[in-house]
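Okay, so here's the structure we're looking at.
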Amino acid sequence: MKIALCSSFIPFVNGGARNIVEWLQSVLQEHGHHVERIYLPEADTPELLLRQFAAFRWIDLDAADRVICFRPQAHLVPHPNKVLWFIHHIRQFYDLWGTPYGFENTAANRKIRDNLIAIDNKAFLEAKAVFTNSQAVSDRLKSFNSVESEVLYPPVFRPERFFTRTYNDEIVYICRVEHHKRQHLMIEAMQYTKTAVRLRLCGTSGNPDYPRHLEELISKYRLSERVTLENRWIAEDEKAGYLADCLAAAYIPVDEDSYGYPSVEACHAKKSVITTSDSGGVLELVKDGYNGVVAEPDPKDIAQAMDRLYQDLPRTQKLGRNAFDSLNQLNISWSHVVDRLLA
């Protein structure tokens with residue numbers, strides 16, 4: 001089958017939105033399909049949205065047998081056999097509207113928002129099937145667009161590269177270093193821990209001010225010997241090594257679209273995950289007391305969670321084993337993904 005994978009991207013920014021496309025391409029090619037990957041750059045700014053909509057609408061993919069669309073506004077691509085694996089809205093105009101993370105509520109932006117929702121509604125109706133990467137995104141589609149969808153959890157690529165070697169004294173947090181990922185909360189929590197637990201933060205940032213802020217917090221709380229900040233790209237083998245040896249992992253974003261690759265990678269390494277009660281889609285995977293710890297988004301509560309994992313190693317190891325079992329319970333596998341997307 002000739003399959004076109006269509007998505008948008010932010011130039012020079014790598015992350016889960018690209019991984020889901022590129023990993024699926026490799027898997028489909030292994031299944032014998034001819035796959036093309038089509039990206040268009042997109043900046044989620046109000047003044048550019050309508051112009052960018054037109055660019056997607058002009059794409060001609062008649063040569064493809066099936067088109068699979070991911071990040072907005074790729075679902076605007078016209079095709080008679082279009083399937084969506086929809087990973088999020090332009091959230092500043094949807095669930096983040098009216099919050100500090102949304103666009104300003106002006107007359108001009110309200111008009112753009114109304115047009116955006118109307119255009120999205122029509123494009124969703126063109127799809128033969130709509131899948132999402134989490135129940136959180138499915139709920140948003142139902143609430144904002146009256147669209148029914150099926151949750152199709154995205155696996156990680158080559159999951160067999162993750163393994164368990166030991167359990168040291170570190171909790172690792174490996175992802176993009178951005179304010180909404182809240183690495184600062186983990187550092188603030190460390191000042192309240194009562195054990196010798198350590199913290200390692202790894203990843204790159206699109207905003208140099210945020211890593212500088214984290215360094216200032218580490219210095220302010222005199223944590224330089226217990227907190228390691230690696231503000232750089234972490235290679236996949238290096239990441240697997242950190243997860244193989246760590247005590248547990250952390251992933252505490254604000255209202256994430258899905259469980260996030262850091263969570264599922266930790267599960268493959270049989271390590272439990274610390275998250276927070278407001279982390280959104282992460283809570284579809286991480287269950288408090290079963291495969292991880294769900295703390296309140298408060299430094300003292302997170303500190304208590306870190307101390308409990310450090311103090312009770314047998315329980316922490318059991319949580320990690322349960323984390324690995326959770327992958328099968330949620331049917332997180334590439335074979336399932338391929339079956340559903342090509343049905």
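The residue list A266, A250 contains one member that is crowded, with 21+ Cβ neighbours inside 10 Å, within 30 Å of R140 (Cβ to Cβ) and touching a Pro at 6+ places or on another chain (Cβ under 9 Å), which is A250.
Looking only at the stretch 223-273, which residues are over 17 Å from the mean Cα position of the chain (by Cα), among the acidic types (D, E) and part of a strand (DSSP E or B)? Residue satisfying the conditions is E230 alone. For D301, are the conditions met, namely being over 22 Å from the mean Cα position of the chain (by Cα) and closer than 21 Å to V151 by Cα? So D301 does not fit the description; no. Hey, does the stretch 257-265 have a residue that's at pLDDT 95 or above, aliphatic (A, V, I, L, M), within 23 Å of L152 (Cβ to Cβ) and out of contact with any helix residue (DSSP H, G or I) (no Cβ under 6 Å at 6 or more places or on another chain)? Yes: one or more hits. Taking first residues from the stretch 208-230 that are over 20 Å from A303 (Cα atoms) and in the same structural domain as C175 (by TED's automatic domain parsing) and partners that are of a type outside the set (G, A, S) and in a helix (DSSP H, G or I), the Cβ contacts under 6 Å between residues at least 6 apart in sequence or on separate chains come to Y210/H179. Scanning the stretch 269-278 for residues being buried (at least 24 other Cβ atoms within 10 Å of the Cβ) and within 16 Å of A305 (Cβ to Cβ) gives a total of 6. Only one of the listed residues (H89, H79) is of a type outside the set (A, V, I, L, M), over 21 Å from A17 (Cα atoms) and either crowded, with 19+ Cβ neighbours inside 10 Å or in contact with a strand residue (DSSP E or B) (Cβ under 6 Å, 6 or more places away or on another chain) (or both). That residue is H79. From the list S138, S146, S134, the lone residue that is surrounded by 14 or more Cβ atoms within 10 Å (Cβ to Cβ), free of Cβ contacts under 8 Å to residues at least 40 places away in the same chain and hydroxyl-bearing (S, T, Y) is S138.
Note on the stretch 123-175: among residues that are of a type in the set (V, I, T) and within 15 Å of the chain's Cα centre (by Cα), the one that is nearest to I234 (Cα to Cα) is I174.
Considering only residues in the stretch 169-198 that are in contact with a Leu (Cβ under 8 Å, 6 or more places away or on another chain) and in a strand (DSSP E or B), the one that is surrounded by the fewest Cβ atoms within 10 Å (Cβ to Cβ) turns out to be E170. If you check K270, K287, K300 for being touching a helix residue (DSSP H, G or I) at 6+ places or on another chain (Cβ under 7 Å) and at pLDDT 95 or above, only one passes: K270. Of the residues making up the stretch 42-76, those that are surrounded by fewer than 20 Cβ atoms within 10 Å (Cβ to Cβ), of a type in the set (D, E, K, R) and farther than 29 Å from D339 by Cα are D44, E47, R51.
The values are calculated or read from the model by the stated rules, or taken from the named source; none is laboratory data. Model, not experiment: these values are computed from the prediction. Please note: Cβ atoms are built from the backbone with ideal geometry, for glycine as well, and neighbour counts cover all protein chains shown.
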